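A short write-up of the structure that comes next.
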Amino acid sequence: MEPPLPTLLLFLVLFFFFFFFLSISTGKALSEAEALLKWKSSLYQPQSLTSWSLSNSSAALCRWDGVQCNSAGSVVVELSLPNYNLNGTLDALDFASLPNLTALDLNGNLLQGSVPASISSPARLTRLDLGSNGFAGPIPPEIGRLSELLDLRLYNNNLAGPIPYQLSYLPKVRYFDLGSNYLANPDYQKFSAMPSVTHLSLSFNSLTMQFPQFILNCTNLTYLDLSQNAFSGPIPDSISTDLPHLECLNLTNNSFAGNIPASLTKLSRLRDLRLGSNNLTGGIPPVLGSISTLRILELSNSSLDGPIPSSLSRLGLLERLDLHLAGLNSTVPQELSLCANLNFIDLSINRLTGELPESFSNLTKMREFGISSNSLSGEIPPDLFTNWPELISFQIQNNMFAGPIPPEIGSATKLLFLFLYNNNLSRVIPLEIGNLVTLTHLDLSVNQLTGPIPRTIGNLKQLGVLALFYNNLTGSIPEEIGNLTALTVLDINTNQLEGELPTSISKLPNLATLSVFNNNLTGRIPADLGVNNLQLTDVSFSDNSFTGELPQSLCSGFALEYFTANNNNFSGQLPPCLNNCSNLVRVRLEHNHFTGDISEAFGVHPDLLYLDLTGNGLTGTISSDWAECKNLTYLHLDGNSISGEIPASIGNMTNMQDLSLSSNLLTGSIPPNWDSLSSCTNSI
């Protein structure tokens, strides 16, 4: 039986509309695909977008990397391409062809140029993230038309000019980050309240004036970052009543002045308070100890003066306390040991006195501890190291701590930085120092340490800097030093070390500074020093009793800048590689027994400031090339066997301040332009 005619007509109508809408949908997808492909073709080597191709059906668009379509697969609703290494501009991207776009994420690419005004075409955008690119020029005010926008991130670009007041018209925006640009003051009078904003960052820009009034009208703010600008004036007392929901407040590196408002204690949700690097005065309000929710307190680099309030001990959740360079003058309150969650303390560069409280050993979560550059005394509490298993940085330099380095220090096996220099520490370096196998920086210099350098120091395979200078260390330099293959600085000058320089030092491939001057070292320098030490820039053998020739390979990396070997018993010719060390700045080789032709030992060194070869047996003539060392201020060649005439070009060295050529075999007359050395105090 044939179907009734009305049913057949209904079927045909539905069939027609199905294919009609399908063709529209396909055409729209094709249009979007063409727009994206046109943009792709404008990018520089977009290798991360290889899936973007029309070689398959148009439906493949929804399977392209970073492209998300609606549930029907008919239109593009999201373009998410963070960290895709995209290099180019947005000029060729036709935003009008993407009317249904709700999210655009291009964060962390290499995009440049301006942000086009057409970016406001997709009226349904809720998320716009162009952060961490190279966009420049002004922010287009048209962005203020995106009435559905919830999340705006333009941070870490090169955007400049005033912040468009139209951005304050975004009725729903919650996350608003324009940090790390070059933005200037908006027209604050036209900037309206933004009650929907909860996260606001304008950090690292060029904003001035006093605390912006419009911010105080953003009544739902939980996060506010105005750091690294030039805001001035007082911090408003009303901030706690106007912004009652604040959890994070960062005003560091501005020019805010006056007292820290005691009203901040009314911010019952405040977790993170950073007010450092301003012109704040008047001390730390003791009432800050009542902000029980506080986890981070940073008031550094200010002129607060006064004591560290013991009331801070009531901050039971506090994890980070940074009060360095704050003008504080008191003892270290032992009550701080009640802040059991503290893992970071920096009280350095103040005027603190007294001793380090032993009760600090109760801070068992401590990771970074700094109290350097104060006037603290007493001994280092040994229990700190046994009770701080997570410790990675311990810096108490530039104080008056006395007594021994506790052997318990070997318990802090996660330490990376240990700075104890410029104190009054005495006795031997404990063998347990060798347990600190993760250590990268060890500085025990300028103390009164005695005894040998422990051989266990050879266990510190990650060590990059070893500084033990200005102590009373004795014995020989341990051969195990050669195990420290990461070492870049070895500075053990001004001790009472004896014996020869260990041959293992030649095995240190990253060594840049080797300073052993002012000891009692003897013998020859290892013959292969420099063969594997191609990074050597600073070498000092001065004031020892070394003998023999300098290694010919000493400067084979041609990187030497500072080289001193004066007051030894070296002999033989100077290493010929010195001639090619074009970065030489300071050379002292006086009072040895060097021989050979001086004109072969040195070349043209444009950065050379100081050269002393006094009291050797050098021969040859003074080359006119010395005049090319235009920055040379000190030149002593006296007490050698240099012959010939003084080149007239020496008189052109107008920066010369001290020149001595006496006690040589020079002949001829003094050059007529000698008088041009007007700033030279000694020109014998």
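Checked against (1) farther than 29 Å from Pro195 by Cβ; (2) part of a helix (DSSP H, G or I); (3) not hydrophobic (A, V, I, L, M, F, W, C), Gly276 passes all but a single condition, namely (2).
Being buried (at least 20 other Cβ atoms within 10 Å of the Cβ) and either of a type in the set (Ser, Thr, Tyr) or in contact with a strand residue (DSSP E or B) (Cβ under 6 Å, 6 or more places away or on another chain) (or both) is the requirement here; does Thr503 meet it? Considered against the rule, which asks whether it is buried (at least 20 other Cβ atoms within 10 Å of the Cβ) and either of a type in the set (Ser, Thr, Tyr) or in contact with a strand residue (DSSP E or B) (Cβ under 6 Å, 6 or more places away or on another chain) (or both), Thr503 comes out as no.
Note on segment 288-333: among residues that are among the aliphatic types (A, V, I, L, M) and outside any loop (DSSP other than H, G, I, E, B), the one that is nearest to Ser348 (Cα to Cα) is Leu321.
Under the condition of being in contact with an Asp or Glu (Cβ under 8 Å, 6 or more places away or on another chain) and either under 19 Å from Glu247 (Cα atoms) or not in a loop (DSSP other than H, G, I, E, B) (or both), the residues counted in segment 161-198 number 7.
Each residue in segment 576-593 was checked for being modelled with pLDDT under 95 and within 17 Å of Thr619 (Cβ to Cβ), and 3 of them qualify. Selection of strands (runs of 3 or more DSSP E) fully inside segment 356-421 by the criterion of at least 2 residues being buried (at least 18 other Cβ atoms within 10 Å of the Cβ) and touching a residue at least 24 places away in the same chain (Cβ under 8 Å) returns 368-370, 393-395, 417-419. Summed over segment 454-501, the residues that are at negative phi and either at pLDDT below 95 or aromatic (Phe, Trp, Tyr) (or both) give a count of 1. Only one entry in Ser599, Ser542 is within 34 Å of the chain's Cα centre (by Cα) and small (Gly, Ala, Ser), namely Ser542. Residues of segment 558-565 include at least one that is among the hydrophobic types (A, V, I, L, M, F, W, C), on the phi > 0 side of the Ramachandran plot, out of contact with any Leu (no Cβ under 8 Å at 6 or more places or on another chain) and at pLDDT below 95.
Would it be correct to say that Arg295 is out of contact with any Leu (no Cβ under 6 Å at 6 or more places or on another chain), surrounded by fewer than 22 Cβ atoms within 10 Å (Cβ to Cβ), among the basic types (Lys, Arg) and in contact (Cβ under 8 Å) with a residue 12 or more places away in the chain? No, not satisfied. Residues in segment 601-627 that are among the charged types (D, E, K, R) and either assigned to a helix (DSSP H, G or I) or under 15 Å from Ile650 (Cβ atoms) (or both): Asp625 alone.
Could you check, for segment 246-259, whether at least one of its residues is closer than 29 Å to Met194 by Cβ, of a type in the set (Phe, Trp, Tyr) and part of a loop (DSSP other than H, G, I, E, B)? The answer is no; no qualifying residue exists.
Leu280 meets the conditions (1) in contact with a helix residue (DSSP H, G or I) (Cβ under 8 Å, 6 or more places away or on another chain); (2) among the hydrophobic types (A, V, I, L, M, F, W, C); (3) buried (at least 16 other Cβ atoms within 10 Å of the Cβ) in every case but one. The failed one is (1).
Within segment 628-664, being farther than 15 Å from Gly615 by Cβ and either assigned to a strand (DSSP E or B) or of a type in the set (Phe, Trp, Tyr) (or both) holds for Tyr634, Ser643, Gly644, Glu645, Asp658, Leu659.
The values are calculated or read from the model by the stated rules, or taken from the named source; none is laboratory data. Bear in mind the structure is a predicted one, so any value in this text is a computation, not a measurement. Glycine also receives a Cβ, built like all others from the backbone with ideal geometry; neighbour counts cover every protein chain displayed.
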